[in-house]
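Q: Just passing along the structure, written as structure tokens.
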Amino acid sequence: MNRIIIDTDPGVDDALAIAFALSSPLDVIGVSTVFGNSSVADSTQNALTIVDLLEKNTPVYAGARRPMNGKSKRASSHGKNGLGGLELKTNRTQQQAGAQKFIVEQLRSANEPIDIVAIGPATNIALILKNYPDVVAKIGQVVVMAGVIDAAGNITDKAEFNAYNDPLALQIVLSAPIRTVLIPADVCRKVVFTTDVFNRIRNEGMRDAMLKLTAAYITYYQQNDDFETFEGGVMYDLLAVAYILNPTLFTTINSEVRVNLDGGPDYGMTTLGDSKAGSLVARDVDASRVKGLFLATLNGTI
């Protein structure tokens, strides 16, 4: 199964994506963190908490604290610490090496390409592509959860959160000479989890933690009159892991993706270009099968 690195800013949906990946047959060789839903310090602590909850030994590396250009804006749907207020004690600590050094060293020493699941602002990955071109050939694919196509954003009217927080980094990644897969927010909104999904997790400790982790997040999406109300929580980042596990869950097209860098009301907006050369862009998803895969993975039945 794929060797992958998860680059993330946990985040409730990021935490679920990490749990999904670590419970699966994927070989997760490390988790790198980035600013976004919370500070890098909180993101890193949250990643360590989820790794501990899963009883795994996956190393965690702290990464970029700020975007390549512009200012970042944190999310309001993930609670005070980014994990919906879930606080579990862990003695695990981050690795001494930084995220970018870890990723570069892993790519340089790899005998086979490594996939990257980028589910936060794309800063870490863009800086690696810019500063270490010798490792580009060792990247199998980068699956990116970012942007929104022909739909409203979730941080401004035009922009999705990850894209808005570092549009320059996203543009660098999507225009790099590597295979990139974009999972935009409009497709993610088709996969909504209610508490019923988590009640079907068989492990009692995991079930209780997931219910606590997602309670405020689900309520936010059910009551968010400023944007759009949903039946449950939109599990954005989880879809990037679902793609790695089973690409047939998605309908995709090939397209250039443009990211607005000019400021103003369109800052961070993502649009499809005329060229079919570029990224593989998800345009639809089988939500029922994604939920089934998530539960089968966490319950150890795949």
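No lab work stands behind these numbers, since they all come straight from the coordinates. Small disclaimer: the values here were computed from a predicted structure and weren't measured. Cβ: placed from backbone, ideal geometry, glycine included. Neighbour counts: every protein chain shown.
Q: What number, rounded to the nearest 500 deg cm²/dmol, is the helix-based mean residue ellipticity at 222 nm of the chain, given -39500 (n - 2.57) per DSSP H run of at least four residues and division by all its residues?
A: Theoretical 222 nm ellipticity from helices: -10500 deg cm²/dmol.
Q: Averaging sequence separations of C-alpha pairs under 8 Å and six or more residues apart, then dividing by the length of the chain, give the relative contact order as a whole percent.
A: Dividing the mean separation by the residue count of the chain yields 20 percent.
Q: Using Cα centres only, tell me the gap between the range 259-302 and the range 201-225 in whole Å.
A: The distance from the Cα centre of the range 259-302 to that of the range 201-225 comes to 22 Å.
Q: Separate question: Want the number for residue 274 to residue 296: 0.36 nm per residue separation, take away the alpha-carbon distance, what's left?
A: 4.0 nm
Q: For the chain, with a Gaussian network of springs between Cα atoms less than 10 Å apart, report the residue from 165, 154, 246 with the top mean-square fluctuation.
A: 246
Q: So which of 130/190; 56/291; 101/212; 101/190 end up more than 28 Å apart, counting from Cα to Cα? Present the calculation step by step, with values, prior to reporting the outcome.
A: Details: 130/190 34 Å; 56/291 23 Å; 101/212 34 Å; 101/190 36 Å.
The pairs that break the limit, which is 28 Å between Cα atoms, are 130/190; 101/212; 101/190.
Q: Right, something else. Can you give the local net charge around residue 4? Use residues other than it whose beta-carbon is closer than 15 angstrom to its beta-carbon, Lys and Arg +1, Asp and Glu -1.
A: -2
Q: Take the alpha-carbon centre of the range 16-59, take the same for the range 118-179, and report the distance between them in whole Å.
A: Each part reduced to its Cα centre gives a spacing of 19 Å.
Q: Let me ask something else. Among the DSSP beta bridges whose two residues both lie in the chain, what percent are antiparallel, rounded to the nearest 5?
A: 35 percent
Q: Please give me the summed charge of the neighbours of residue 233: other residues whose Cβ is under 15 Å from its Cβ, Lys and Arg +1, Asp and Glu -1.
A: Surrounding charge for residue 233 is -2.
Q: Hey, another quick one. Could I have the simple spin-label model distance between residue 196 and residue 109, label points 7 Å from Cα toward Cβ, reported in nm to one decimal?
A: Simple spin-label model gives 4.8 nm for this pair.
Q: Going highest first, how would you order 9-17, 207-215, 27-35, 232-240 by mean Cβ packing within 10 Å?
A: Sorting 9-17, 207-215, 27-35, 232-240 by mean packing, highest first, produces 9-17, 232-240, 27-35, 207-215.
Q: Placing unit charges on C-beta atoms (Lys and Arg positive, Asp and Glu negative, everything else neutral), compute the dipole magnitude of the range 139-191 about its Cα centre in debye, rounded to 20.
A: Taking the Cα centre of the range 139-191 as origin, the dipole is about 160 debye.
Q: Which one, 255, 30, 205, is farthest towards the positive end of the dipole of the chain when Lys and Arg carry +1 and Asp and Glu -1 on their Cβ?
A: In the chain, that residue is 30.
Q: Suppose R0 equals 22 Å; then what is the FRET efficiency for residue 136 and residue 262 from their Cβ-Cβ distance, rounded to the nearest 0.05?
A: After rounding, the FRET efficiency stands at 0.20.
Q: Suppose every Lys and Arg Cβ carries +1 and every Asp and Glu Cβ carries -1, with no other charges. What dipole size does the range 3-298 come out with about its Cα centre, to the nearest 20 debye? Write out the running numbers ahead of the final one.
A: Values: 27 positive and 32 negative charges, 125 e Å.
Its charge dipole is roughly 600 debye.
Q: Counting residues in the chain as N, plug N into 2.2 N^0.38 Å and put the Cα Rg over that result.
A: Normalised Rg, Cα atoms only: 0.90.
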